[in-house]
Amino acid sequence: MQFSRQKFCRNINEQQSLRRLQNDLLDEKLKELNDDICEIAMDMDSDILQLFMTPKIGLYKDKKFFFNLDFRTNYPYFPPSISVKSDIQHPNIDFRNKKFYLKFLETQNWRPTFGLLEIIKAMKQTLLYVDFTYIPNEINCLILAQQILQQNNNIADNYFEFIDFEISENFKINFELDKYSNSIESINNSSQQNLSQQPAIINLQKTQRHSQNDKIICIKQKN
C-alpha cells in the first residue's frame with residue numbers, strides 16, 4: 001500500500017508538471033526565439049520535450065544541437081533535467097554524463113516563476129556565447145575553453161569587449177596550457193594528482209551579460 005501511494009503521488013506530480021509545460025508551450029513569445037541568431041525547433045516525444053538549436057552566428061554557426069528536456073519532477077518548483085543528444089563539443093557540455101552546464105538551472109538561481117521561455121533563452125545564450133564562468137571540471141571541456149580563449153586573443157583587440165578576472169590556483173592547476181607544449185597527457189596527469197582538491201565546476205567570475213549579436217566576448221587575465 002505504501003508503494004502504491006507513493007507511485008500515485010508521483011504520477012499526480014508528473015501530471016501537474018506536464019500540464020504546466022503544456023501551458024508554457026502556448027506562450028507566443030517562444031516564436032520570437034527562433035530568429036536569425038539561432039534556429040530553434042521543438043517536439044514532444046511522449047513526456048519528453050525535444051529541443052533542436054542551430055546557431056546562425058559565432059563559433060558554432062550551423063552546428064545542430066539536440067537536447068532532451070524532462071519536466072516531470074515537480075516542475076516548476078524544480079527545473080527540468082537537460083540531457084544532450086548531439087555529439088558536438090562545447091565547453092559547457094560534459095560528455096561524461098551528457099550534461100549541459102547551465103548556471104540558470106542551479107538551485108540558488110532557479111525560481112518557480114520561471115518557465116520554458118526563460119529556460120530556452122538561457123540555453124540559447126550559453127550555447128552561442130560560451131559561459132567561461134561555468135565550465136565543467138573535465139579535461140576536454142577545459143582544453144576546448146582555453147583554445148577558444150587563445151583563438152579570441154589572436155584576433156584584433158577592437159573586435160572584442162574585454163572582461164578582466166583573477167584566476168584561482170585551482171583553475172591554474174586544471175586549465176592553463178603549457179605555451180610550449182600541446183601535450184594533453186601532462187595536463188591530465190596534473191588533474192589526476194589534484195583530483196581530491198578540485199571543484200566540479202570552474203567558476204572564474206560572473207561575466208557581463210553578452211549582447212545578442214555576432215560580437216565575441218573575450219576574457220583577459222589580469223597581469
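From most to least packed by mean Cβ count within 10 Å, the peptides 63-69, 34-40, 44-50 give 63-69, 34-40, 44-50. Close amide H pairs (under 5 Å, H built 1.01 Å from N) link residue 38 with 56, residues at least 5 positions away or on another chain. Toward the positive end of the charge dipole of region 9-74, with +1 on the Cβ of Lys and Arg and -1 on the Cβ of Asp and Glu, the farthest Cα among 38, 59, 22 is that of 59. The phi-based Karplus calculation (6.51 cos²θ - 1.76 cosθ + 1.60; θ = phi - 60°) puts the 3J(HN,Hα) values of region 24-31 at 4, 5, 7, 5, 5, 5, 4, 5 Hz, whole numbers, x for Gly and Pro. From most to least packed by mean Cβ count within 10 Å, the peptides 21-29, 144-152 give 144-152, 21-29. Across region 2-128, the convex hull enclosing all Cα atoms gives 117 Å³ per residue. Highest-first packing order for the peptide set 70-80, 108-118, 94-104 is 70-80, 94-104, 108-118, based on the mean count of other beta carbon atoms within 10 Å. Please work out the C-alpha center-to-center distance from region 55-95 to region 23-42 and express it in whole Å. Cα centres, region 55-95 to region 23-42: 15 Å.
Here, each number is a calculation from the coordinates, and none is a lab measurement. Just so it is clear, the structure is predicted and the values come from calculations on it, not from any experiment. For neighbour counting, all protein chains shown are included, and Cβ atoms are generated from backbone atoms with ideal geometry for every residue, glycine included.
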